[in-house]
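Report on one structure; see the data block that follows.
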Amino acid sequence: MRKTALAIGISLIALNALGQRKKFETRLIAGFTASQVQGDGYGGFDKAGLTAGAGIQWPVNKKSTLGFDLLYTQKGSRKIPDPENGDFTLYRLQLDYISVPVIYRYSFKKFIAIAGPEIAVLARSREQNQFGDVITPLKFKPLDIGINLGFGFRAGKRISLQMLLQESLLSIRETAPYAKGILGRFRGMYNTVIHTTLIYTPKNK
């Protein structure tokens, strides 16, 4: 965990240094996630988490920019028991990633269309049910390859709000042969995450 924190710190310093160049803009990002995991047998965006980090972007033309972010993002899923209806099943899946989305943004007045791929490295995982930690030979994969689609809104000269849907393109863990992935296309488990973030763009010196 210390190595992860050190890597994040060094990366943020590097991003800030790049952002000092006039043609680059530095972005500070913080917000919330609502997530689910396709293929775990439970539905709904019931797992809340946090996301935070920084990024840089540079102009492609007057209306669009290209950049990348470095984020620490909490994903996973959750199932709450419903004892009143005889359901005592508890399930918690915590997946923490260091993610690097590459983002293209197209601006139309105050609105922003957002799209791009993402690669994320698994930093921590924990799976629990009503009996405690889940012991299984099925391990989570170290990488999550996905795509982001969404929109943003400029709330001020240096502040914007952003909402993204992040979807895994490849499975994050294999499952039993009868399990289905997204739209039944592949067997396995896939992250689906809604990001709601506040973005601050500092003024370059």
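Couple of notes before you dig in:
- So residue 24, is it modelled with pLDDT under 85 and open to solvent by 10 Å² or more (accessible area, probe 1.4 Å): yes
- In the range 102-109, the condition of being surrounded by 13 or more Cβ atoms within 10 Å (Cβ to Cβ) and small (Gly, Ala, Ser) is met by at least one residue.
- Candidates 98, 112: the one that is among the hydrophobic types (A, V, I, L, M, F, W, C), surrounded by 16 or more Cβ atoms within 10 Å (Cβ to Cβ) and at pLDDT 95 or above is 98.
- Check on residue 104, under 18 Å from residue 172 (Cβ atoms) and not acidic (Asp, Glu): no
- Residues that are open to solvent by 30 Å² or more (accessible area, probe 1.4 Å) and of a type in the set (S, T, N, Q) were ranked within the range 68-95; the one that is farthest from residue 26 (Cα to Cα) is 85.
- Positions within the range 105-145 being of a type outside the set (A, V, I, L, M, F, W, C) and within 13 Å of the chain's Cα centre (by Cα), in sequence order: 116, 117, 118, 144
- If only residues of the range 46-67 that are open to solvent by 70 Å² or more (accessible area, probe 1.4 Å) and of a type in the set (A, V, I, L, M, F, W, C) are counted, the one that is nearest to the chain's Cα centre (by Cα) is 50.
- Evaluating residue 142 against the criteria (1) under 27 Å from residue 79 (Cα atoms); (2) surrounded by 14 or more Cβ atoms within 10 Å (Cβ to Cβ) leaves one unmet condition, (2).
- Of all the residues in the range 159-171, those that are open to solvent by less than 70 Å² (accessible area, probe 1.4 Å) and either assigned to a loop (DSSP other than H, G, I, E, B) or closer than 12 Å to residue 197 by Cβ (or both) number 5.
- Verdict on residue 124 being more than 24 Å from residue 160 (Cα to Cα), open to solvent by 70 Å² or more (accessible area, probe 1.4 Å) and either in contact (Cβ under 8 Å) with a residue 40 or more places away in the chain or part of a loop (DSSP other than H, G, I, E, B) (or both): yes
The values are calculated or read from the model by the stated rules, or taken from the named source; none is laboratory data. Since the model is a prediction, treat every value here as computed from it, not as a measurement. Heads up, the Cβs are rebuilt from the backbone with ideal geometry, glycines too, and the neighbour counts pull from every protein chain shown. Each accessible area value is taken on the protein alone, full model and side chains, heavy atoms only, with ligands, DNA and RNA left out. Shrake-Rupley method; radii C 1.70, N 1.55, O 1.52, S 1.80 Å.
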